[in-house]
Every structure is written in C-alpha cells, then in structure tokens.
C-alpha cells in the first residue's frame with residue numbers, strides 16, 4: 001500500500017513509517033492497513049489493487065467508483081502508475097492461460113507471485129479469454145501513449161482512464 005501511494009522514494013517511505021510508528025498504540029509493533037489508511041490517507045477501497053479486483057470480477061460499478069476517485073485525486077493516483085499496474089495484471093493473466101501445469105504452486109512460481117494471489121489469476125483467466133487479454137494489453141499501450149500526449153491533445157488523465165476502463169469491461 002505504501003509504495004503504491006508514495007512511489008519508490010525511500011526517503012518519503014521512511015518519513016511516513018516514522019510517523020506511523022509514533023502513532024502506534026502503546027505496546028503495538030505491527031502496522032496494519034487501517035493505520036496506513038487513517039494516518040497517511042490511503043483509501044483501502046480506492047486503490048489500484050481494488051481496481052484490479054473490480055476488473056477481474058467485471059464489477060462495472062466498483063471499477064467506475066474507483067476511476068472517479070482517481071480522477072478527483074490525480075496527484076495521488078497518476079495514470080501511468082495505474083496503467084503499469086494493469087499491464088502487470090493482464091500480462092500475467094495472459095501467461096496464466098498458457099501454463100500447462102495449473103497447480104497452485106506451479107502457477108505461483110511461473111507468474112512469480114505469492115500463492116495467495118493465484119485464485120485472482122484463476123478468476124481473471126476464466127473472465128478474460130487469451131484474445132481478450134491481448135486486446136486489453138493493446139489498449140493499455142494505446143492509452144499509455146495517449147497519457148503522454150501522443151494522439152491526444154484534449155483529454156485529461158481522468159477522462160482517458162474512464163475510457164480505458166470502459167473499453168476493458170465492454
């Protein structure tokens with residue numbers, strides 16, 4: 001959650017962790033998602049992980065709520081990070097389709113993910129055919145270019161993200 005919200009600036013992460021440690025209750029040595037959300041302002045309902053989950057489930061309402069939140073909080077939710085996270089998801093879903101040994105351990109090893117997340121990829125593979133995943137990856141490339149100004153002169157990052165998610169889901 002921290003790196004998704006703060007990026008990979010170690011100085012910034014250390015500062016936020018120091019703040020969290022100060023706010024921990026007496027005797028507690030564990031930082032939870034609730035601590036991060038309350039003290040840093042990361043919403044556990046509106047982040048890239050929840051967007052991935054909504055897209056895997058084809059939950060149009062939840063995906064649109066998240067995208068609307070991202071549009072209103074573009075500084076905290078840059079489009080390039082969201083597109084990168086979506087590429088990470090869908091490139092692994094494509095790999096999943098072509099793995100012969102579908103055992104949980106092998107899938108986790110082949111996709112280089114924690115075994116806990118294998119069920120997400122199983123669901124995503126049932127939701128999206130290989131040809132749909134290839135189409136989505138092409139969309140991600142197209143919208144990545146548009147977000148950088150190539151072929152786009154007037155759409156805001158929020159509008160681009162809304163259109164991208166619509167095209168992924170429909």
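Every number here is computed from the coordinates shown, using simple stated rules; none is lab data. It should be emphasised that the depicted structure is a prediction, and the values quoted were computed from it without experimental measurement. FYI the Cβ positions are ideal-geometry reconstructions off the backbone, even for glycines, and counts take in every protein chain you see.
Put a dot 7 Å past the Cα of residue 74, heading toward its Cβ, do the same for residue 137, and the two dots end up 2.9 nm apart. The sum of -39500 (n - 2.57) across all DSSP H runs of n ≥ 4, divided by the residue count of the chain, sets its helix-only mean residue ellipticity at 222 nm to -21000 deg cm²/dmol. Taking packing as the residue-averaged number of other Cβ atoms within 10 angstrom, the listed peptides 151-160, 9-18 run from highest to lowest as 151-160, 9-18. Please report, to two decimal places, log10 I(q)/I(0) for region 11-141 at q = 0.09, 0.10, 0.13 Å⁻¹ as given by the Debye formula with identical point scatterers on the Cα atoms and no solvent. One equal scatterer on each Cα of region 11-141 leads to -0.35, -0.42, -0.68. Multiplying the residue separation of residue 167 and residue 45 by 0.36 nm and subtracting their alpha-carbon distance yields 41.7 nm. On the beta carbon distance between residue 19 and residue 114, with R0 = 41 Å, the FRET formula returns roughly 0.90. Model label points for residue 57 and residue 38, set 7 angstrom from Cα along the Cα-to-Cβ axis, are 2.5 nm apart.
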